[in-house]
Each structure stands twice: as structure tokens, then as C-alpha cells.
Amino acid sequence: MNPITIVVLFIVGISAVITEMFIPGMIVGITGAILIITSIVTAYQGDYSVLGHVLTISSICSAPLLLLLWRKILSKTFSLKTEVNADSSSVMHLNDFIQKEGVAVTNLHPSGIALIEEKRIDVVTSGEMIEKSTRIRVTEVSGNRVVVRSVKS
């Protein structure tokens with residue numbers, strides 16, 4: 001294999017590893033690593049030891065640079081910027097619906113959607129089936145599970 005092909009193989013391998021940073025999935029990154037190793041091994045086998053040394057040193061020096069690039073630049077791109085607190089989630093607001101009345105928007109067999117205080121909420125019954133447009137009352141809230149039962153007229 002001629003030296004130009006070996007260098008192109010190395011560059012394609014480095015490009016694949018860089019692409020892996022933007023499109024995670026390991027297949028492109030592993031392919032890139034295999035191409036880099038193949039180019040180095042091929043350089044040494046083809047009596048291009050100077051090229052082999054250059055590619056080896058380049059890959060050793062580029063590894064920390066790629067890690068630094070990934071850590072400093074790309075981690076900001078793919079990371080969450082806000083925290084999710086249990087206190088700020090909608091689960092806390094569901095507790096406000098205990099003993100409130102509403103209307104079943106869908107048939108509750110045993111789960112469905114109800115309209116309580118003009119808000120659509122996913123609800124479940126304690127086992128009974130409730131028809132659409134039936135008045136319901138919230139009896140229990142456990143996490144994001146809202147339990148309702150029909151109100152007797």
C-alpha cells in the first residue's frame with residue numbers, strides 16, 4: 001500500500017472518531033479507531049517506519065486533544081442546563097386536586113382523561129369503569145397517579 005493511501009486511511013479514521021463525538025453510537029468511533037490502528041500497522045509493515053512513527057505520535061498526541069475538545073466544547077452542547085427538582089414538578093400540584101370534582105372526558109376503563117378545574121389530567125379508577133361525561137371526584141394522589149371515583153347524584 002502506498003504512503004498516500006495510508007495517510008488517507010489515518011485521516012478518515014480521525015474524522016470518524018471526531019464524528020462519533022457529534023453522533024454517539026460507538027459504531028463510527030470503533031470503525032475510526034480500527035482505521036487508525038490499521039494505518040499505523042500498515043505503515044510499519046510496508047517499510048514506511050518513519051510514516052509509522054509520525055502516525056503513532058500523531059494519534060497519541062491527538063487523543064488528549066480530542067478528549068479535551070469533547071469535554072470543553074461538546075459537553076456543553078449535549079448536556080442539560082437545568083435541574084429537575086421534585087419540589088418543582090407537576091406532581092406537587094396534583095395534590096391540590098384531592099377531593100376536587102370534575103368530569104370524565106373519556107371512558108375510564110379504568111384509566112383515561114378527566115377535566116378537573118379546567119385542566120386535563122390522566123386519571124385511573126379503583127377498578128370500576130366510568131362512562132364519559134360522568135361526574136368524578138379525586139380520592140387519592142400517589143406520585144403522578146390520580147385515583148378518581150364517580151360522584152353519585
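On alpha carbon coordinates alone, what is the Rg over Rh value for the chain, Rh being the Kirkwood radius? Before the final figure, lay out each step's value.
Values: Rg = 30.3 Å, Rh = 20.5 Å.
Value, to two decimals: 1.48.
Compute the helix-to-body angle for 27-45: its Cα long axis versus the longest principal axis of the chain, expressed 0 to 90° and rounded to tens. So the helix axis and the longest Cα principal axis differ by about 10 degrees.
Return Lys119, Lys152 ranked ascending by Cβ neighbour count within 10 Å, so the fewest neighbours appear first. List each step's numbers first, then the result.
Details: Lys119 12, Lys152 6.
Result, fewest neighbours first: Lys152, Lys119.
Please give the helix 3-22 orientation as an angle from the longest Cα principal axis of the chain, in degrees from 0 to 90, rounded to the nearest 10. Helix 3-22 sits roughly 20 degrees off the main axis of the chain. Cα centroid separation, region 38-56 to region 89-153: 70 Å.
Database remark: amide H of Val146 closer than 5 angstrom to the amide H of Val124 (H placed geometrically; neighbours at sequence offset of 5 or more, or on other chains; Pro and chain starts carry no H).
The angle between the Cα long axis of helix 49-69 and the main principal axis of the chain comes to about 30°, on a 0 to 90 degree scale. The H on the amide N of Lys100, modeled in the peptide plane, is under 5 Å from the matching H of Val138, each at least 5 residues off or on a different chain.
Based on the mean of other beta carbon atoms within 10 Å per residue, what is the order of 29-35, 55-61, 12-18, most packed first?
Numbers: 29-35: 16.4, 55-61: 14.7, 12-18: 18.1.
The densest-packed peptide leads the list: 12-18, 29-35, 55-61.
By count of other Cβ within 10 Å, fewest leading, how are Val138, Val151, Val123 ordered? Can you show the working numbers first?
Details: Val138 22, Val151 12, Val123 26.
In increasing order of surrounding Cβ atoms, one gets Val151, Val138, Val123.
In terms of surrounding Cβ atoms within a 10 Å radius of their Cβ, Phe22, Phe97, Phe10 rank from fewest to most as Phe22, Phe97, Phe10.
Quick note: the coordinates plus some simple rules give every number you see, no bench work behind them. Note that the structure is a prediction, hence the values are computed from the model and not measured. Backbone-built Cβ (ideal geometry, glycine too); neighbour counts: all protein chains shown.
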